[in-house]
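One structure is given here, and the rest of the page talks about it.
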Amino acid sequence: MTADHPDRPLRLGTRRSPLAMAQAMETRTRLCKAHGWSEDAVEIVPVVASGDRIQDRPLAEIGGKALWTKELDAWLAEGEIDFAVHSAKDVETLRPEQIVIAAVLEREDVRDALIGATSIAALPPGARIGTSAPRRAAQLLHARPDCTVVPFRGNVATRLAKLAAGEADATFLAMAGLNRLGETGTGRPLDPEEWLPAPGQAAIAIESRAGDERTLTLLAAIDHARSRASLEAERALLAGLGGTCHSPVAAFSHFAGDTINLRAALFSPDGAERIEGVVRIEPGDRSAPLRLAEDLMARAHPAIAEHFAGSKQ
């Protein structure tokens, strides 16, 4: 598919962090290649998101995932930008009606990487593990209740610097982020069947205004069908659970032939309680992830259920 070079550069909004900028540049490259444009057809417009400005407190305490999206949402609504790029795991499950996910790029490596040890089992007794993600903290404490979790926020470079300074013995980073920043070889990838990633991890979601048909049509050229289907299944699961930034939930989906296997686990924050379930999904089917959510909530111990709004429906 090719399209005429736009009369003015299309404006792509992004956070200013190094990883977000790398994702924006990948999006620009893919879009321009798909349409046969020179890269000056897309202007990258960076913003410092609230989540990047506030680094001294856990995200769940200061406004949740909206801190990654609200500035770009406002720019989209006001027409300051034509589309925005996000790490899909940072996008709230419920979005404003006027904003839609127009494309999902081909998904990167979904695994977490452990930095500072060769495996979870190899962590020294009583190790201090740096993370501010409830999923990672709960999953770690379930496997290694002897370990201690210490708060760790910041971009990839910041967290690696904190680890090097001895603020923790080990930490976790997403393989996708390391790969996109050229940090290949950093850390040990964890088997996603044993250490489940975050819903939406490694997927880049591109959002635009619901009524902007020209931009939506242009972005459709870089929409990766299987990555979108997996992401939609994981987001439907989250919607059914009523998960928030406080909710320790992990999910891993992959294609088996033409269907998606979606495996999910819920934890209590201290890792003492864990339940999991698996469902096979036809791409585009939202009912199966919702059934999995209902099944998990029906079996959830109160120490888990109280962290999911789905328990109150």
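Helices in the chain, meaning DSSP H runs of at least 4 residues, each add -39500 (n - 2.57). Divided by all residues, the mean residue ellipticity at 222 nm is -9500 deg cm²/dmol. Summary of packing: across the peptides 212-219, 292-299, 181-188, 10-17, the per-residue average of other C-beta atoms within 10 Å ranks them, highest first, as 10-17, 292-299, 212-219, 181-188. Of the residues L105, L173, A236, the one whose Cα sits farthest towards the positive end of the charge dipole of the chain is L173 (charges of +1 on Lys and Arg Cβ, -1 on Asp and Glu Cβ, taken about the Cα centre). Largest GNM mean-square fluctuation among E43, E97, E276, using the chain with Cα springs under 10 Å: E97. The relative contact order of the chain comes to 20 percent, based on Cα pairs under 8 Å that sit 6 or more residues apart.
Strictly greater than 17 Å: what percent of every Cα pair in the range 112-189 meets that? Counting pairs separated by more than 17 Å, the tail of P(r) holds 38 percent.
Placing +1 on each Lys and Arg Cβ and -1 on each Asp and Glu Cβ, with no other charges, gives the range 174-215 a dipole about its Cα centre of roughly 180 debye. Using only the Cα atoms of the range 236-312, each taken as one equal point scatterer with no solvent, compute I(q) by the Debye sum, divide by I(0), and report log10 of the ratio at q = 0.21, 0.24 Å⁻¹. One equal scatterer on each Cα of the range 236-312 leads to -0.84, -1.05.
Here, each number is a calculation from the coordinates, and none is a lab measurement. As the structure is a prediction and not an experimental result, all values here were calculated from the model. Virtual Cβ from ideal backbone geometry, glycine too; neighbours counted across all protein chains shown.
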